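Student: The structure follows.
The values are calculated or read from the model by the stated rules, or taken from the named source; none is laboratory data. What you see is a predicted model; the values in this text were computed from it and never measured. Here the Cβ positions follow ideal geometry from the backbone for every residue, glycine too, while neighbour counts run over all protein chains shown. Surface areas here come from the heavy atoms of the whole protein model, side chains and all, with no ligands, DNA or RNA. Shrake-Rupley method; radii C 1.70, N 1.55, O 1.52, S 1.80 Å.
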Amino acid sequence: MIEIQELNKYYRMGSQSLHVLKDVNLSVQKGEYLAILGPSGSGKSTLMNVIGCMDVFDSGSYYLDGMAIHETTEKDLTTLRNQKIGFIFQKYHLIPIYNVLQNIVMPLLMRGMRLQEAKEKSMDTIRMLGLEERIGHRPGELSGGQQQRVAIARALVGEPAILLADEPTGALDVASGQEVLRLFRKLNEMGNTIVMITHDLNVAKNAGRVVRIVDGRLSEA
């Protein structure tokens with residue numbers, strides 16, 4: 001599903017350059033649940049942006065679901081992000097003026113799907129995540145755990161090749177965080193490929209495999 005080889009990423013600051021990702025090699029199989037564990041400043045957020053096709057890299061190769069990302073144009077990357085990757089963020093990134101259903105259908109509408117068809121397709125995901133009674137609520141009327149479930153539903157509805165989760169429990173209390181992690185395990189058991197970025201070893205241990213990133217270098221935990 002993911003095959004990264006000898007990937008390097010630099011940030012330029014005037015005449016200086018900062019080597020952020022250093023000869024990264026990573027392979028993720030279809031149906032795998034992987035945690036990328038690292039402290040602040042380790043390069044994990046940059047790696048997440050690269051995996052999510054939100055940032056380019058300077059050298060190396062990256063294949064996502066058979067597509068050569070290093071040979072793909074920015075225009076095609078935008079389409080690929082919408083079709084291949086389901087993003088789950090720490091801060092949810094829900095649209096505050098939209099209700100639950102409106103937030104969840106957005107990725108489908110962006111693909112050009114008709115509104116009624118998008119709503120019908122979304123309902124299966126909404127029911128699976130236990131959000132039926134909340135579809136008319138706006139994010140501000142939901143708990144943190146409920147908002148994260150909406151964000152997960154939005155990521156799932158387009159049936160992406162991978163779910164990419166950035167510190168998915170970071171803004172939640174312990175009980176809500178455990179609920180989200182249980183949901184991730186369920187989703188993985190259903191066949192979803194999950195890549196989770198975290199600084200918390202206890203969270204990472206919920207994944208099937210853990211790799212560590214330190215000073216831009218990746219290694220098996």
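Student: Find all pairs meeting these conditions: Cβ atoms under 7 angstrom apart; at least six residues apart or on different chains; first residue within the stretch 203-221 and farther than 21 Å from GLU6 by Cβ and crowded, with 18+ Cβ neighbours inside 10 Å; second residue modelled with pLDDT under 95 and of a type in the set (Phe, Trp, Tyr).
Tutor: Hits for this filter: ASN206/PHE184.
Student: Let me ask something else. Please work out if LYS75 is part of a loop (DSSP other than H, G, I, E, B) and either out of contact with any strand residue (DSSP E or B) (no Cβ under 8 Å at 6 or more places or on another chain) or among the aliphatic types (A, V, I, L, M) (or both).
Tutor: no
Student: Which of the residues spanning the stretch 25-70 are of a type in the set (S, T, N, Q) and closer than 23 Å to THR169 by Cα?
Tutor: Result: SER40, SER42, SER45, THR46, ASN49.
Student: OK, next. Name the single residue, out of those in the stretch 102-114 being part of a helix (DSSP H, G or I) and in contact (Cβ under 8 Å) with a residue 24 or more places away in the chain, that is surrounded by the fewest Cβ atoms within 10 Å (Cβ to Cβ).
Tutor: My answer is MET110.
Student: Residues that are of a type outside the set (Val, Ile, Thr) and in contact with a Ser or Thr (Cβ under 9 Å, 6 or more places away or on another chain): list the helices (runs of 4 or more DSSP H) wholly contained in the stretch 115-221 that include at least 3 such residues.
Tutor: Because the criterion is at least 3 residues that are of a type outside the set (Val, Ile, Thr) and in contact with a Ser or Thr (Cβ under 9 Å, 6 or more places away or on another chain), the helices (runs of 4 or more DSSP H) in the stretch 115-221 that meet it are 144-156, 174-189.
Student: Could I ask something else about it? Would you check which residues across the stretch 30-45 are within 18 Å of PHE87 (Cα to Cα) and either modelled with pLDDT of 95 or more or not in a helix (DSSP H, G or I) (or both) and list them?
Tutor: Listed by number, the residues that qualify are LYS30, GLY31, GLU32, TYR33, LEU34, ALA35, ILE36, LEU37.
Student: Right, next: Can you find a residue in the stretch 90-101 that is at pLDDT 90 or above, in contact with a Leu (Cβ under 7 Å, 6 or more places away or on another chain), polar (S, T, N, Q) and open to solvent by less than 70 Å² (accessible area, probe 1.4 Å)?
Tutor: No, the stretch 90-101 contains no residue that is at pLDDT 90 or above, in contact with a Leu (Cβ under 7 Å, 6 or more places away or on another chain), polar (S, T, N, Q) and open to solvent by less than 70 Å² (accessible area, probe 1.4 Å).
Student: Just checking, how many residues over the stretch 166-221 are within 18 Å of the chain's Cα centre (by Cα) and hydroxyl-bearing (Ser, Thr, Tyr)?
Tutor: Counting residues in the stretch 166-221 that are within 18 Å of the chain's Cα centre (by Cα) and hydroxyl-bearing (Ser, Thr, Tyr) gives 3.
Residue-by-condition table, conditions (1) aromatic (Phe, Trp, Tyr); (2) in contact with a Phe, Trp or Tyr (Cβ under 9 Å, 6 or more places away or on another chain); (3) farther than 19 Å from MET48 by Cα:
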position	(1), (2), (3)
GLN178	no, no, yes
ARG182	no, no, yes
LEU187	no, yes, yes
ASN192	no, yes, no
VAL195	no, yes, no
ASP200	no, no, no
LYS205	no, no, no
VAL211	no, no, no
VAL214	no, no, no
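Yes/no per residue for (1) among the charged types (D, E, K, R); (2) more than 24 Å from GLN29 (Cβ to Cβ); (3) open to solvent by 30 Å² or more (accessible area, probe 1.4 Å); (4) modelled with pLDDT of 90 or more:
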{"position": "GLU117", "(1), (2), (3), (4)": "yes, yes, yes, yes"}
{"position": "GLU120", "(1), (2), (3), (4)": "yes, yes, yes, yes"}
{"position": "MET123", "(1), (2), (3), (4)": "no, yes, yes, yes"}
{"position": "ALA161", "(1), (2), (3), (4)": "no, no, no, yes"}
{"position": "LEU164", "(1), (2), (3), (4)": "no, no, no, yes"}
